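Following: one structure in structure tokens, then a few remarks.
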Ligand SMILES: Cc1ncc(COP(=O)(O)O)c(C=O)c1O
């Protein structure tokens, strides 16, 4: 079918029929119109009723196509102002959606809303527009339909047994974690788990938790708010030097993928940290925030597998699914499981329906399928980022890209702040490495950007990459 609509002053030729069905055809046609600039940012689209009448198709088909494009970030829908083309969408002639095409030099600058960055490459978030809504809904429906009525009570402070059992199986298979469902505690993300551990360690008389020279200030802050000191371990070309541990009561590390530098903990230092824990009775807190996303070879297995009696394994759905779910998990040494459950308490729990949904998502195989397709998407973006930087800014070295959703771009000395400032003027939000550096870090400061290439929706990826290339020295 070929048709056009002239409602609300918009005259647009659409060919929504294709072998894959009307809804898909209309979605593709509209996406294409936005991507190529035929529908400019801010354009108000006709109501689903009038577009359906114009095209001679069912209203639901139009409503569903609009909903798909809102979820992907191409359109926005607001009560009272209808459906519009999103402001952050650049008209672009390069790169296929989701393929991470490399932008050519010299593309015209894009318009942006004043005051608010049009693009973000800040690390810390997956592509929220690709959250598997349909699969999640299916899992939620099945979970609710089959949940026993008593699942809706206050329940076990450790979390739903269905989820703890599903996680024990998944973590053993995918991450090499040795887990018994009884030693797993469900939390509202990693941060919640860290708060619980801070309280538990403080109550046990621990005063100091060593952390890495590079990391997240907000996590160190959670430990400090429990009264713990958080000195930094040295960092060198092999990564975090765990050989420098002495009488601290615990250490917080990111062994599979150092955040943000991006390398795995060196094998000698993996052994060193476990030996330190055995020798001193210390505890290793293993932050496995994005262990699923490794691109060039098998993921590095969890450190916890080396000594489940001395390592607390911490995982989260924030990178693999979405931070808004606020779902995380701890696998505790059996001797600490009861104490941790008490530190968490009965009140401070996570919603049962989301826990049951995640359990269903894991056991049905939907989680594996989602991670596999997300891995492909992020891998393409990573390759496009590396290719674009090599082409447009050969002075800049891209590092830490074997895994995860971010890369570290090493800049010429003394340029980090000016690049970030230039990015702000271009409407691009960026983080420099200085933002992630511990105030007591001993190593020479490096000028670098921490680029969260997983963050933008597909619709904004090419524009974000182009904006980045423009500001690189
Ligand atoms: C290093 C690191 N650890 C853990 C997390 C996850 O934290 P949460 O589960 O509280 O969202 C993140 C998310 O940005 C992270 O970057």
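FYI, it's all coordinate maths here, none of it is from the lab. Quick caveat, the model's predicted, so the values are computed rather than measured. Glycine gets a Cβ as well: all are built from the backbone with ideal geometry, and neighbour counts include every protein chain shown.
Kindly rank 357-369, 129-141 from highest to lowest mean number of other beta carbons found within 10 Å of each residue.
Most protected by this proxy first, the peptides run 357-369, 129-141.
Where the centroid of each part is defined by its Cα atoms, how far is the stretch 113-153 from the stretch 417-462 in Å?
The distance from the Cα centre of the stretch 113-153 to that of the stretch 417-462 comes to 26 Å.
Once you place label points 7 Å from the Cα toward the Cβ at residue 49 and residue 225, how far apart are they in nm?
Spacing of the two 7 Å Cα→Cβ label points: 4.9 nm.
Could you tell me how far the Cα centroid of the stretch 163-180 sits from the Cα centroid of the stretch 53-75, in Å?
40
Relative contact order for the chain: what percent, with Cα pairs under 8 Å and sequence separation of 6 or more?
Result for the chain is 21 percent.
If you fit an axis through the alpha-carbon atoms of helix 161-175 and take the longest principal axis of the Cα set of the chain, what angle between them do you get, 0 to 90°, nearest 10?
It works out to around 90 degrees.
Using 0.36 nm per residue of separation minus the Cα-Cα distance, give me the extension gain between residue 347 and residue 173 in nm, one decimal.
Taking 0.36 nm per residue and subtracting the Cα distance, the gain is 59.5 nm.
Could you tell me whether the stretch 181-292 comes out rounded, prolate or oblate from its Cα gyration tensor? Rule is a ≥ b ≥ c as square roots of the eigenvalues, rounded for a/c under 1.5, then prolate if a/b exceeds b/c, otherwise oblate.
Since a/c stays below 1.5, the shape of the stretch 181-292 is classed as rounded.
So, in nm, how far is label residue 439 from label residue 135 when the simple model puts each one 7 Å beyond its Cα toward the Cβ?
Label-label distance for residue 439 and residue 135, simple model: 4.3 nm.
How would you order 174-185, 434-445 from highest to lowest mean count of nearby Cβ atoms within 10 Å?
So the peptides 174-185, 434-445, ranked by packing, come out 174-185, 434-445.
Listed highest first by mean packing, meaning other Cβ atoms within 10 Å per residue, what order do 53-64, 317-328 come in?
In decreasing order of mean packing, 53-64, 317-328 become 317-328, 53-64.
In deg cm²/dmol and to the nearest 500, what is the mean residue ellipticity at 222 nm of the chain if only DSSP H runs of at least 4 residues count, each as -39500 (n - 2.57), divided by the residue total?
-12000 deg cm²/dmol
By how many degrees, between 0 and 90 and to the nearest 10, does the Cα long axis of helix 189-203 differ from the longest principal axis of the chain?
20
Along Cα→Cβ, 7 Å out, is where each label goes; now give me the distance between the ones at residue 146 and residue 368 in nm to one decimal.
Distance between label points: 1.6 nm.
Relative contact order of the stretch 115-200, please, whole-number percent, based on alpha carbon pairs below 8 angstrom and at least 6 residues apart.
Computed over the stretch 115-200, the figure is 19 percent.
Note the angle between two axes, namely the Cα long axis of helix 133-146 and the longest principal axis of the Cα atoms of the chain, as a number of degrees from 0 to 90, rounded to the nearest 10.
Compared with the principal axis, the helix lies near 60 degrees.
With the contact rule set at Cα under 8 Å and sequence spacing of 6 or more, what percent relative contact order holds for the stretch 321-433?
11
If you take every DSSP beta bridge whose two residues both sit in the chain, what share of them, in percent to the nearest 5, is antiparallel?
65
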